[in-house]
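Inspection log for the structure reproduced underneath, given as structure tokens.
Rule-based calculations on the coordinates, nothing more; no lab input. None of these values were measured; they are calculated from a predicted model. All Cβ positions, glycine included, derive from the backbone under ideal geometry; neighbour counts span all protein chains shown.
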Amino acid sequence: MGKITWKPGTMVYPVPAAMVTCGTLESPNIITIAWTGTICTNPPMTYVSIRKERYSYDLIKEGQCFVINLTTKSLVHATDYCGVKSGKDINKFETTGLTPVASNKVKAPSILESPVNVECVVKEIKELGSHDMFLAEVVSVTIDDHYLDKTGKLRLDLAEMICYSHGAYYSLGSLLGTFGYSVAKKTKPKKKRPRK
Ligand SMILES: Cc1cc2nc3c(=O)[nH]c(=O)nc-3n(C[C@H](O)[C@H](O)[C@H](O)COP(=O)(O)O)c2cc1C
């Protein structure tokens, strides 16, 4: 038993498997993207890394915007499909049955069926090698109000989000703790008053 060293590679998993929309409402496209994440809180910034040969690459470069649509268990089939078929051959909205809707702040459409749509404006394109990284500012976020509880809290845990890990899609497991729980003071259980 021991550790083995692999050649350097992309082994930071799990990551999102997001459906990124680009183009326009009239001529939209969807590309599945795993190389994405948050890179700054204020201003809210994100990135997508895309190979130059993707049909979406030029759409995003020309439009200077995209939408990151988060994915769920019911969207996993479409997520994979949009990651193996090209928009240069087909209209992926038509073939998946997903619904393109106008976004708030960008020309790229959002996916109605996705619980969270993150609208982004490109700030910089960094050539890295196989992929170019589109650094972008988040300019609007749309939430499906189905996942808001009575107090207005977003219950993303009910949305059955998926992730991507080393070539496969997974749903999330059970809750293990909440932010800061490791240092949170334990509240003593209230003593029960004896009933009279
Ligand atoms: C799970 C998954 C993740 C992917 N992540 C990326 C990515 O981060 N960057 C990228 O350039 N391509 C990625 N791809 C490949 C593109 O989604 C795929 O080539 C797609 O067909 C391109 O669509 P387009 O030609 O319509 O732009 C991924 C594919 C899958 C299935």
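Observations, loosely collected:
- Available extension along the chain between THR38 and GLU94 is 17.2 nm, counting 0.36 nm per residue and deducting the alpha carbon span.
- Selection of GluC sites (Glu not before Pro), the range 105-196, meeting DSSP coil and at most 16 other Cβ within 10 Å: GLU160
- Efficiency of FRET from Cβ geometry, LYS186 and CYS163, R₀ 35 Å, rounded to 0.05: 0.70
- Placing dummy labels 7 Å off each Cα toward the beta-carbon, the span from LYS123 to SER174 is 4.1 nm.
- Three-way shape call for the chain based on the alpha-carbon gyration tensor, with the a/c threshold at 1.5: prolate
- Close amide H contacts of THR32 (hydrogens built in the peptide plane, cut-off under 5 Å, sequence separation of 5 or more or a different chain): VAL20, GLY83.
- Close amide-amide hydrogen proximity is noted between SER140 and GLU119, each under 5 Å apart and 5 or more residues distant or on a separate chain (H modeled in the peptide plane; Pro and chain starts excluded).
- Extension gain from VAL84 to ASP58, taking 0.36 nm per residue of separation minus the Cα-Cα distance: 7.6 nm
- Charge context of LEU158, other residues only, Cβ under 13 angstrom, K/R +1, D/E -1: -2
- Candidate lysines - alpha carbon under 25 Å from LYS105, same-chain residues fewer than 8 apart omitted: LYS61, LYS92, LYS123, LYS126, LYS153
- For the chain, adding -39500 (n - 2.57) for each run of n ≥ 4 DSSP H residues and dividing by the number of residues yields -2500 deg cm²/dmol at 222 nm.
- Difference of contour (0.36 nm per residue) and Cα-Cα distance, ASP144 to SER130: 1.6 nm
- Whole-Hz couplings from phi, Karplus 6.51/-1.76/1.60, listed for the range 69-85; x for Gly and Pro: 9, 6, 10, 10, 3, 6, 9, 5, 5, 5, 4, 5, 4, 6, x, 10, 10
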